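Here's the structure we're looking at; comments come further down.
The values are calculated or read from the model by the stated rules, or taken from the named source; none is laboratory data. Since we're looking at a predicted model, the values are computed, not measured. Note that each Cβ is placed from the backbone with ideal geometry, even for glycine, and that neighbours are counted across all protein chains shown.
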Ligand SMILES: Nc1ncnc2c1ncn2[C@@H]1O[C@H](COP(=O)(O)O)[C@@H](O)[C@H]1O
Ligand SMILES: Nc1ncnc2c1ncn2[C@@H]1O[C@H](COP(=O)(O)O)[C@@H](O)[C@H]1O
Ligand SMILES: Nc1ncnc2c1ncn2[C@@H]1O[C@H](COP(=O)(O)O)[C@@H](O)[C@H]1O
Ligand code: NA
Ligand code: NA
Ligand code: NA
């Protein structure tokens, strides 16, 4: 059987302009990495058809261990408090990373 | 600490042609917004390599409060009943929106 | 009311080069289908800005019934054991598929 | 005749097809593929519009009538074959039939390249026919589905609130389809814009057109080969239909172009290609929305995986031979 | 004069707009849209640089001074109107004002196409002004916001760790914006590169330029029409402002170009367009980061949905007429 | 000599690099980047094929042999240096070595632009060598990894069901890589297609080629600069290797081109560039699949972040100087 670790999946939907800040946040909090997907959409701050850099959204994913969770969320709240339009979705997830699968053991 | 609200995350995987109907649905049910990501894939209705408008999928995200959930799902079921190929994934999620973070309070 | 079925959502974040193997895996295990989204990001194996085929990631989604779950995960672990950089996220999800919505019944 | 195939457009198509067959990891960027077809529709439309501006009204009308006739009758013929010869269910038959009443811009452009390389003159009315033939086939497809569905229509009208299933909505879709807008729009620009201003944009829309087309066909080759895997699912009858139907359509097109429109060899060849080809742009989305019960892998596999390659490799040179033969008879 | 509008650039814009209005399913690939604006900025920049290389230094300096003056003063004027006439809150006023101090490359290029078709000569300094005017407006926007915010700034500086809200950071953003880099960079290449080597790349950056521009405007037409839905949210005053402001700016630009810079009719028209147009490339991202409290749907709807279409359809020919009239007076 | 660098290709590369270094928000659309490299491979391939059609068979064979020799021997040399000088683990050494046995199309094209601007003639065989050299290096890389891995191979064969790790599978990958297919396919089209038909597509594949290349290099500049952040992780030895290896390879290439192939100054320069450059298209994916234990940030940083910029800015002019010197000696 493969070992799964419980971690927090943080999904951030935001304007593409915020990508640099989110990457910077993940580095400052030394999150192990991040994943970004281009997105479009609409909401209170208007439509984001995703045709130009100025009207595109991103879906920014960070998987963080429980102990890192609070500080990362606090940083995200800080960005929001400055007035930025973002939507942060949090959910529990089971994660399989390379370190979890014993590489030395041959394929079962 | 930041306040998180429990909501429903509805993910719809469908042919790109259905985007207009899904947007229309979200408006009719006055969902606060939606997010769309381009996707490709394969399933019972064949491969969708995503190279042309006619063979592309979308991943359509809607975050809805519990009270809106049933009516939205009912509308989605209606579309499916007409025979449309869609896959609807539902999960609970904790959400941080701007209204949850007190904007007046300075960064902690 | 619409009927929802509990299934497993397997999200795989990996280098774009692995797409063919993941598709092949889903077919070998006769998963009903799969969905792929282009992504970029960064992690232990470096930055993946997503500008070229060689530095792009994918987000590979598979929804599998509980009974298929273990074998699929075992195959994924096998790929990882060969040293491939991937991140596998697993979560429970409620699914509405066409077969769940009675197509003969007229829209409620 | 084989030498006729040694043009970049066809060769690139073969390379794309081959790359996919040998499971190469060659990837074609999605937005490039979409960009190329937008460009090609605009380019051919502008070209057609500029010619139309100097065209003779009478013959233009004849071409339009012929296009409408083909667009309305071909799907009925296809439907009959699918239903009564193939015993295919009504809804899938309707969806597939609509594709064969419509046209394939890619096949048409390949035929243009084919003729141009051999310096074969051709009338420009076929370009207008290309723009017109997308819609009628869609309408027939919808009506066929409507009849075969019967009661369900009721339910459809309820769901009509969802804004897409009422027949009216669908007719609208038939005429507001993106590719139809691009083609008609570009024709309009070609007609309206001042020659001086058109001259400025032609290096882009005309100068590099044939090269862009060859790149587009590389991608179409990959697209086509991707569909081979679905042949088993689609079944032997439908695959056969995907080859027989263009031959039937081509023959009808030849007669229409030759006898009804009195076109030259080049023009007749193009009309044959219009009748022989199956849509992969305007019709599929319309059918997906209007006949969701039909399986897209059926009509997409036929249109992209069978008929398109058949026409590009065998059909075009064949229709051209036949057009020459017809012309010979006439003389 | 209407015939002036019958150029592909404008007609394609109308088609894109129309397609969106009739809810066509026409889709424009996101990366194509982004690719086109990169290409256009590089193309116009190279062109400007090559001209600049042979330009007279003195008049170049005048143009730069004029550009800075317009860039710094227009936003203040816009701000005053928004605050005291429109009673718009300070932060939204600041964000919107910044857009009108800056320029719209798309409008500028449409004006170039407009003049070229009528073989109207024009100075090339306006291209340099185009590159310069993006940044000052951003700076003014930031200062306006800073003042209206007051205390909040403190908090901003704390959050400064997040690397983007300190004013210094924002000034940096004002000059490192991608479009500014592309424009200035291309101008630099046009100045530095050997003529022989530039000649090799011109078929791409110059030969097909007008055609690519027309394709870009098709997309901009769709963009503009997409914003109509937000008019109600934006309100009647702001929509009116989106039409009045370009007229005011255009008039000021005409005077600057005519009296201060002594340009020809073509040059004066271009300066008017610079002053009349609102940015949709460099300013929006800067405002989103610097004034997150402002609602993007306000400034984007005004810039893309109101002012851009107004200038393309009515503004450009109007400014051109007025420029001719001014020249007439002078003579 | 510095003036040699003042060509758009190089200058755009510098601008892209600079934009990234100053943390500009300039974004390059992913699909544009991918589209450009597809276009460039097809363009150069067509060009090579058309030349090959008129080429002398004998010398073509010599070029192929030389290409194979370089492709098989360079990685072994690189491996030796990495293992015994750098004490780099076997798997990372294998992966990195493979990159240096292969070639960088972008560097090669920049060299072509460089020569063209100075009207330096060159043989066209190097283009065929470009197509050939991708694969052998991959094979050597796989063999090196296989030996250093030993037992693991067993496990690999089990996992072979996954269809990609058996050595056979990987050899297949070495020859079915997308870029190899595009290059060989385009060469084939250039050889097979009728001259008349090729003439129609050349405005696209040849006319705007140098301009497209300059745009591509803007993106490569950004790519390169993005990698700088990883230098610390990669370590001083490897970064040094990324500069030393092209110098070694370039020298070997010069001798091969001059003595073994007897090419002109232009041809010798191109062979030097082939030997000096490191792949960033065909080899990385092959290594990622075949040697997953190796860290991609090592070989990608070296190939894109160190060797590519070094060759574009310093290498090409240097190899050209040396080629001239060699020619001088010969005379
Ligand atoms: N209810 C929602 N469900 C999914 N995505 C949303 C929702 N509300 C907002 N979004 C996304 O978040 C972005 C910003 O939202 P807003 O701040 O409301 O403008 C929008 O452009 C959407 O992409
Ligand atoms: N088991 C699955 N897991 C993930 N995505 C799926 C699955 N089945 C279907 N899909 C997606 O849903 C689309 C339509 O599915 P289908 O109706 O089965 O053709 C496919 O193109 C896939 O993108
Ligand atoms: N903590 C994380 N959260 C989200 N995505 C991650 C995380 N770590 C890695 N990734 C993604 O997985 C890819 C491979 O990760 P790695 O194997 O660490 O290089 C990266 O390019 C990211 O896209
Ligand atoms: Na047809
Ligand atoms: Na302005
Ligand atoms: Na090399």
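A compact table of results
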read-out: Helices (runs of 4 or more DSSP H) wholly inside the range F:39-119 containing at least 3 residues that are touching a helix residue (DSSP H, G or I) at 6+ places or on another chain (Cβ under 8 Å), surrounded by fewer than 18 Cβ atoms within 10 Å (Cβ to Cβ) and at negative phi; value: F:57-80
read-out: Selection from the range A:6-24 of residues that are part of a strand (DSSP E or B) and either within 16 Å of ligand 4 (Cβ to nearest atom) or closer than 24 Å to residue E:29 by Cβ (or both); value: A:13, A:14, A:15
read-out: Options B:73, B:87; residue that is within 7 Å of another protein chain (Cβ to nearest Cβ), under 20 Å from residue D:294 (Cα atoms) and modelled with pLDDT of 95 or more; value: B:87
read-out: Residues located in the range E:194-219, provided they are more than 9 Å from every other protein chain (Cβ to nearest Cβ) and within 23 Å of residue E:21 (Cβ to Cβ); value: E:216, E:217
read-out: Test: residue D:244 is at pLDDT 95 or above, part of a helix (DSSP H, G or I) and under 30 Å from residue D:57 (Cβ atoms); value: no
read-out: Residues that are more than 18 Å from residue D:134 (Cβ to Cβ) and touching a residue at least 60 places away in the same chain (Cβ under 8 Å), drawn from the range D:21-38; value: D:21, D:26, D:28, D:32, D:33, D:36
read-out: Given (1) closer than 19 Å to residue B:10 by Cα; (2) touching a strand residue (DSSP E or B) at 6+ places or on another chain (Cβ under 7 Å); (3) within 7 Å of another protein chain (Cβ to nearest Cβ), number of the condition residue A:43 does not satisfy; value: (2)
read-out: Residue in the range A:23-34 that is within 28 Å of residue B:27 (Cα to Cα), modelled with pLDDT of 95 or more, facing chain E (nearest Cβ under 8 Å) and touching a helix residue (DSSP H, G or I) at 6+ places or on another chain (Cβ under 8 Å) present; value: no
read-out: Residue satisfying condition, being more than 16 Å from ligand 2 (Cβ to nearest atom) and over 20 Å from residue E:248 (Cα atoms), within set E:309, E:296; value: E:296
read-out: Cβ-Cβ under 7 Å pairs, at least 6 apart or on other chains, the range C:55-69 side in contact (Cβ under 8 Å) with a residue 40 or more places away in the chain, far side within 16 Å of ligand 1 (Cβ to nearest atom); value: C:58/C:37; C:59/A:37; C:59/C:37; C:63/B:89
read-out: Output for the range D:1-32, where each listed residue is closer than 24 Å to residue B:57 by Cβ, within 9 Å of chain F (Cβ to nearest Cβ) and out of contact with any strand residue (DSSP E or B) (no Cβ under 8 Å at 6 or more places or on another chain); value: D:16, D:19, D:23, D:24, D:25, D:26, D:27, D:28, D:29, D:31, D:32
read-out: The range F:152-193, subset over 24 Å from residue F:36 (Cβ atoms) and modelled with pLDDT of 90 or more, residue nearest to the other protein chains (Cβ to nearest Cβ); value: F:192
read-out: Which listed residue is part of a helix (DSSP H, G or I) and more than 13 Å from ligand 1 (Cβ to nearest atom), from B:27, B:3, B:78; value: B:78
read-out: Unmet requirement for residue B:42, which otherwise passes all of (1) within 14 Å of ligand 2 (Cβ to nearest atom); (2) assigned to a loop (DSSP other than H, G, I, E, B); (3) at negative phi; value: (2)
read-out: Residue D:63 being away from ligand 5 (no atom under 16 Å from the Cβ), within 11 Å of chain F (Cβ to nearest Cβ) and in contact (Cβ under 8 Å) with a residue 60 or more places away in the chain; value: no
read-out: Complete set of residues in the range A:1-15 that are farther than 15 Å from residue A:61 by Cβ and at the interface with another protein chain (Cβ under 8 Å from one of its Cβ atoms); value: A:1, A:2, A:4, A:15
read-out: Of all residues making up the range E:213-250, the number that are within 16 Å of ligand 5 (Cβ to nearest atom) and either in contact with a strand residue (DSSP E or B) (Cβ under 9 Å, 6 or more places away or on another chain) or farther than 30 Å from residue E:39 by Cα (or both); value: 3
read-out: Qualifying residue in the range D:282-295 (condition: away from ligand 1 (no atom under 16 Å from the Cβ), closer than 29 Å to residue D:323 by Cα and modelled with pLDDT under 95); value: yes
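Per-residue answers, yes or no, for (1) more than 14 Å from every other protein chain (Cβ to nearest Cβ); (2) under 30 Å from residue D:244 (Cβ atoms); (3) more than 16 Å from ligand 2 (Cβ to nearest atom):
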position	(1), (2), (3)
D:40	no, yes, yes
D:55	yes, no, yes
D:67	yes, yes, yes
D:70	yes, yes, yes
D:81	yes, yes, yes
